[in-house]
Amino acid sequence: MVLAEHQALAQRGAKLVEHRVDWIARAPDVPRLLKDRPTPVVVTCRRRQDGGKWTGTEEERLMVLRTAIISGADYVDLERDIAKSIPRYGKTKRIVSHHDFESTPDNVEEIWAEMAELNPDIIKLVTTAKSPSDCARMLKLTAEAKIPTIAFCMGEFGIPSRILCGKFGAPFTYAAFSAEREIAPGQLTFQQMKDIYHYDSITRDTPVYAVLGDPIGHSLSPILHNAAMHKIGFNGVYIPIRVTSEQLPQMLDDFQRLGLQGYSVTIPHKQAVLAKYPKCEEIVTQIGAANTLFKTDDGWQSDNTDYSAALDSLQLALNPSETLEGKRIVMLGAGGVARAIGLGVTKQGAVLTISSRTSERAQSLAASLNCRHITWENRGAEFADILINCTPVGMYPNVNETPFHTNWMRDEMIVFDTIYTPENTLLLKEAREHRCRTVSGVEMFVRQAAAQFTRFTGQPAPLEMLKETLRTSISAAKPA
């Protein structure tokens, strides 16, 4: 961290900055780095074996750390194996640290106890998460610690612990200067922690919500939900949790003990969460999948907000006097979203035909909905008042693909694409050329998110703000 970057972070609201002097190519001038500093500073000089870049001798490294203490650094980071060799001096506070780049060992509590004997002001214990349950262990350790402790996990599985460690008592957490300056795996940027997760507003009383999926890194749900909560003044935080199918049952139990209040659920967990928490309305049972879990006075309840969101979105394309009754609908795809939409339109009296690239899935879904199916090759031969795309064909980055050729379209039909990245898919662009009435996936996505938001917070969602935020996020996510 050079002086100019330190100034920039201070102007952006940083209250404490770590100087990783091992990243400086030349011998670090520690007194100069500390002079006229705009915020308190942690001085860290990490060896390569600890994930750092120090190339000098160990004696030279220890001298850098001693110089930082003599020069009045606010904090100095000392690995646990050297903490005894560098005595306390002046007002500099000691962060005694340990990093495990392989796993979260079974004996983390024993490691913490050993570090507690090394005269720390703060204990920093960082491991590598192999599952989200590792995060739960580290957050529990933070909450129960008798000495101020920063305990979190590295890696994509570890992201929840980076965001939540302050809620459980950590004096601060760590973030990168920018996406290009990630110091450790899974580290979020300062701007993400500040602008998306509002880290400084998270307290012990802040309710926590999450989106569950595998993969999860692409999800825009944290941006939407956190922005909406901030907009209405609701002090909650919404985090991403990557969890595999095998890890899901244990993760749900572990995070319940941490007090989480609700979940959005995406691929591949929609059926599994319903099996674990079967309390729901009858329509969710009929769909056979849930995209929402929320806590009530009577325990956990499952819901599926895709169902109502899809029907509400379709309604936008209908004339005021129109209904879905009698409308002939061709639906492409036979996954979870297709099941919810298919059940919705058939209950409204539509005549549904399903076509999927996997014929067996189309047959199975058609049998469960008591409707017709056709082969993927014949999808263009079927007459339709409404075409609904529930496949990923045309999704970013494959924006030049379409699941339905333009010569199969007819003027004035309704075309609904559930894809929202991009909002204007090739399918919708070609549909407009045929003067079709179109509905984009943005409409459905924000409506299902809005319904989840209300389940979580008990308050109406700011729908137009959600649309604006989603569109801005989609635009920002595209490479230049």
(request) Search region 63-91 for residues being within 39 Å of the chain's Cα centre (by Cα) and in a helix (DSSP H, G or I), and hand back the single one that is nearest to Met115 (Cα to Cα). (result) Ala83
(message) Looking only at region 420-446, count every residue that is touching a strand residue (DSSP E or B) at 6+ places or on another chain (Cβ under 7 Å), of a type outside the set (Gly, Ala, Ser) and either under 21 Å from Leu324 (Cβ atoms) or at pLDDT below 95 (or both) and tell me the total.
(response) 6
(message) Filter region 13-24 down to the residues that are touching a helix residue (DSSP H, G or I) at 6+ places or on another chain (Cβ under 7 Å) and either touching a residue at least 40 places away in the same chain (Cβ under 8 Å) or surrounded by fewer than 18 Cβ atoms within 10 Å (Cβ to Cβ) (or both) and list them by number.
(response) Gly13, Ala14, Val21
(message) Against the condition touching a Leu at 6+ places or on another chain (Cβ under 6 Å), under 27 Å from Ala8 (Cβ atoms) and assigned by TED's automatic domain parsing to the domain that holds Arg12, how does Ala151 come out, does it pass?
(response) no
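Rundown of residues vs (1) among the hydroxyl-bearing types (Ser, Thr, Tyr); (2) within 16 Å of the chain's Cα centre (by Cα), yes/no style:
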| residue | (1), (2) |
| --- | --- |
| Asp200 | no, no |
| Leu212 | no, yes |
| Ile232 | no, no |
| Ser245 | yes, no |
| Val273 | no, no |
(request) Run Glu468 past the list (1) surrounded by 15 or more Cβ atoms within 10 Å (Cβ to Cβ); (2) within 23 Å of the chain's Cα centre (by Cα) and report the number of the one that doesn't hold. (result) (1)
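Could we say that Thr189 is surrounded by fewer than 18 Cβ atoms within 10 Å (Cβ to Cβ), under 30 Å from Arg94 (Cα atoms), touching a residue at least 12 places away in the same chain (Cβ under 8 Å) and hydroxyl-bearing (Ser, Thr, Tyr) here? Walk me through it before giving the result.
Numbers: surrounded by fewer than 18 Cβ atoms within 10 Å (Cβ to Cβ): yes; under 30 Å from Arg94 (Cα atoms): yes; touching a residue at least 12 places away in the same chain (Cβ under 8 Å): yes; hydroxyl-bearing (Ser, Thr, Tyr): yes.
Against the criterion (surrounded by fewer than 18 Cβ atoms within 10 Å (Cβ to Cβ), under 30 Å from Arg94 (Cα atoms), touching a residue at least 12 places away in the same chain (Cβ under 8 Å) and hydroxyl-bearing (Ser, Thr, Tyr)), Thr189 qualifies.
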(request) Among the residues of region 38-62, count how many are closer than 22 Å to Glu102 by Cβ, part of a loop (DSSP other than H, G, I, E, B) and without any contact (Cβ under 8 Å) to a residue 40 or more places away in the chain. (result) 5
(request) For Glu180, indicate whether it is modelled with pLDDT under 95, outside the structural domain of Ala228 (by TED's automatic domain parsing) and in a helix (DSSP H, G or I). (result) yes
(request) Specify which of the listed residues (Thr346, Thr285, Thr323, Thr353) is assigned to a helix (DSSP H, G or I) and either within 14 Å of Leu387 (Cα to Cα) or assigned by TED's automatic domain parsing to the domain that holds Arg410 (or both). (result) Thr346
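If I go through region 25-37 residue by residue, how many of them are assigned to a loop (DSSP other than H, G, I, E, B), in contact (Cβ under 8 Å) with a residue 12 or more places away in the chain and surrounded by 12 or more Cβ atoms within 10 Å (Cβ to Cβ)? Steps first, answer last, please.
Restricting attention to region 25-37, the residues satisfying the condition of being assigned to a loop (DSSP other than H, G, I, E, B) are 25-29, 35-37.
Right, trim to in contact (Cβ under 8 Å) with a residue 12 or more places away in the chain and you get 27-28, 37.
Retained after the next criterion (residues that are surrounded by 12 or more Cβ atoms within 10 Å (Cβ to Cβ)): 28, 37.
Of the residues in that region, 2 qualify.
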(request) Please verify whether region 96-105 includes one or more residues that are assigned to a strand (DSSP E or B), farther than 22 Å from Leu16 by Cβ and in the same structural domain as Gly186 (by TED's automatic domain parsing). (result) no
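Of the residues in region 188-216, how many are in contact with a Gly (Cβ under 9 Å, 6 or more places away or on another chain) and either under 21 Å from His98 (Cβ atoms) or assigned to a helix (DSSP H, G or I) (or both)? Reasoning before the result, please.
Initial filter on region 188-216 (in contact with a Gly (Cβ under 9 Å, 6 or more places away or on another chain)): 190, 194, 199-200, 202-204, 206-210.
When the remaining residues are screened for being either under 21 Å from His98 (Cβ atoms) or assigned to a helix (DSSP H, G or I) (or both), the result is 190, 194, 199-200.
Residues that pass the stated criteria total 4.
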(request) Taking Glu401 as the residue in question, decide whether it is closer than 23 Å to Leu318 by Cα and surrounded by fewer than 17 Cβ atoms within 10 Å (Cβ to Cβ). (result) no
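Considering only region 108-122, I want to know if a residue exists there that is closer than 26 Å to Tyr238 by Cβ and touching a residue at least 40 places away in the same chain (Cβ under 8 Å). Step through it out loud before you land on a result.
Going through region 108-122, the residues closer than 26 Å to Tyr238 by Cβ turn out to be none.
No; the residues of region 108-122 include none that is closer than 26 Å to Tyr238 by Cβ and touching a residue at least 40 places away in the same chain (Cβ under 8 Å).
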(message) Considering only region 148-156, I want to know if a residue exists there that is crowded, with 17+ Cβ neighbours inside 10 Å and in a loop (DSSP other than H, G, I, E, B).
(response) yes
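The values are calculated or read from the model by the stated rules, or taken from the named source; none is laboratory data. It should be emphasised that the depicted structure is a prediction, and the values quoted were computed from it without experimental measurement. Here the Cβ is made from the backbone with ideal geometry for all residues, glycine too, and neighbour counts use every protein chain on show.
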